[in-house]
Amino acid sequence: MTTEPRTIVLITGANQGIGYAVAQGLLAYKSYFILLGSRDASRGAKAANELDPTGEFIQSITIDVADDASIQQAADLVESKYGRLDVLINNAGINTEIDIMIEQHKKQREEGASQPGKVDLAQQRKLFRDVYDVNLFGAAMVTEAFTPLLEKSTSAPARIVFVSSHTGSLGLRVDSLGAEYAKWSRPSFPVYRSSKAALNMLTLHYAAKFNDKGWKVNGSCPNLTDTNFARGWVKGRPASESAVNIVRLATLSTDGESGVYSDENGVVPW
Ligand SMILES: NC(=O)c1ccc[n+]([C@@H]2O[C@H](COP(=O)([O-])OP(=O)(O)OC[C@H]3O[C@@H](n4cnc5c(N)ncnc54)[C@H](OP(=O)(O)O)[C@@H]3O)[C@@H](O)[C@H]2O)c1
């Protein structure tokens, strides 16, 4: 199998949901070689095989973004097999806060209480740690580990996409004249939202750091999407629609933007 003329893309957390749909979107180009990241080898192999049974365009790669050894192992493997990376899509993300919220609502209903019970600080701290470990530290460590391989990219410009969320936008959150202010200003999901707000600063950091090299580093907001992520609690749109802007950012040419936060309708305030 030769990948030489093809653009090599790594997508983290791509065995299901939006990452999977991004792999599907890139597959249609036939000019990309997709490394489908999965923290579980068998789930990754199954997803890669579903999308491309020939293995010519998609191969799975095991990468747990909360585990530095796993990240380094993946980077070493890409280096030894391909010698470079052209596009990195930091997609893996979790919102376990939603599980706790659903559990709290259930308990509150069962107990007939009007307010949720006392916050368990140790549980709350663990929640912050777990969510930040994947959504923020994971994306940062993956970017650090793969930067030397992006430096060797043969497909100018190298591109990095950070999959963020409208819910992490400080601009939307404070725009009291905005059409959806009531929605964005609700005090919901502080752990997840702050992890994505921090991810946005990280995006700007890398955009500035790699600006002189001409790399395209951007953030994308998927919008509410029907994946395992939402646990069926709220209805979202198909993952294929949320993949559109991520695919666009992953395929930018030299005249494309960098340091921009967007969805398929255009720029989103940071
Ligand atoms: N769905 C939405 O409404 C929505 C809205 C805005 C932003 N987003 C963002 O979009 C991205 C993708 O979410 P999604 O909706 O596709 O969720 P999803 O269906 O739950 O998929 C998340 C993916 O991330 C992987 N993952 C979780 N922890 C990981 C770890 N430690 N290392 C590597 N991979 C890990 C999951 O692997 P497993 O299969 O092994 O669990 C899965 O492949 C996330 O960054 C999310 O914050 C989603």
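Each reported figure results from applying straightforward, stated rules to the coordinates on display, with no laboratory input. Predicted model, so just to flag it, every value in this text is computed and none were measured. Cβ: placed from backbone, ideal geometry, glycine included. Neighbour counts: every protein chain shown.
Quick one: go through segment 42-60 and flag any residue whose amide nitrogen is under 17 Å from the point 7 Å out along the Cα-to-Cβ line of residue 73. Under 17 Å, as judged by backbone N against the label point of residue 73, lie 42-46, 60 of segment 42-60.
Hey, got the dipole for the chain? About the Cα centre, +1 on K and R Cβ, -1 on D and E Cβ, debye to the nearest 20?
On the way: 28 positive and 30 negative charges, 98 e Å.
My answer is approximately 460 debye.
Taking label positions 7 Å along the Cα-Cβ direction at both residue 110 and residue 42, the computed distance is 3.1 nm, reported to one decimal. Once backbone amide H atoms are built at 1.01 Å from N, residue 58 has 34 as its partners under 5 Å, excluding neighbours fewer than 5 places away on the same chain.
Backbone amide hydrogens, once placed in the peptide plane, bring residue 263 within less than 5 Å of 221, 268, excluding anything fewer than 5 places away on its chain. About the centre of its Cα atoms, segment 123-216 shows a dipole size close to 160 debye [charges on the beta carbon of Lys, Arg (+1) and Asp, Glu (-1) only; nearest 20 debye].
A DSSP coil position with no more than 14 other Cβ atoms inside 10 Å describes the following trypsin sites (Lys or Arg not before Pro) in segment 7-99: 30. For the pair residue 265 and residue 177 in one chain, pulling the backbone fully straight at 0.36 nm per residue adds 29.8 nm over the alpha carbon distance. Ranked by the mean number of other Cβ atoms within 10 Å per residue, highest first, peptides 209-220, 62-73 order as 209-220, 62-73. With a simple spin-label model that places each label point 7 Å from the Cα along the Cα-to-Cβ direction, the separation between residue 209 and residue 49 comes to 3.7 nm.
Using R₀ = 22 Å, calculate the FRET efficiency as 1/(1 + (r/R₀)^6) where r is the Cβ-Cβ separation of residue 224 and residue 201; round to 0.05.
Numbers: r = 23 Å, r/R0 = 1.05.
After rounding to 0.05, the efficiency reads 0.45.
With axes computed from alpha carbons, what is the tilt in degrees of helix 68-82 against the longest principal axis of the chain, rounded to the nearest 10 within 0 to 90? Between helix and principal axis, roughly 20 degrees. Using the alpha-carbon atoms, what tilt in degrees (0 to 90, nearest 10) does helix 17-27 show relative to the longest principal axis of the chain? It works out to around 20 degrees. Label positions at residue 81 and residue 96, each projected 7 Å from the Cα along the C-beta direction, are separated by 2.9 nm. From largest to smallest, the equivalent ellipsoid semi-axes obtained for the chain from the alpha-carbon gyration tensor read 32, 21, 17 Å. Structural descriptor for segment 75-195: relative contact order 41 percent, calculated from alpha carbon pairs under 8 angstrom and at least 6 residues apart. Using just its DSSP H runs of length 4 or more, each adding -39500 (n - 2.57), the chain gives a mean residue ellipticity at 222 nm of -13500 deg cm²/dmol after division by all residues. For the chain, averaging the sequence separation of C-alpha pairs within contact (under 8 Å, six or more residues apart) and dividing by the residue count gives a relative contact order of 20 percent. Coupling constants for segment 249-264 follow from the phi torsions by the Karplus curve (6.51 cos²θ - 1.76 cosθ + 1.60, θ = phi - 60°), and in residue order they are 5, 6, 10, 4, 9, 4, 8, x, 6, 9, x, 10, 10, 8, 10, 5 Hz; glycine and proline get x.
With 28 Å as the limit, write out which pairs from 209/235; 183/213; 46/235; 106/126; 46/209; 46/126 have Cα-Cα distances beyond it, or answer none.
Details: 209/235 38 Å; 183/213 39 Å; 46/235 26 Å; 106/126 21 Å; 46/209 36 Å; 46/126 31 Å.
Long pairs (Cα-Cα over 28 Å): 209/235; 183/213; 46/209; 46/126.
Under 5 Å between amide hydrogens, built in the peptide plane, is the criterion, and for residue 153 it picks out 85 among residues at least 5 positions away or on other chains.
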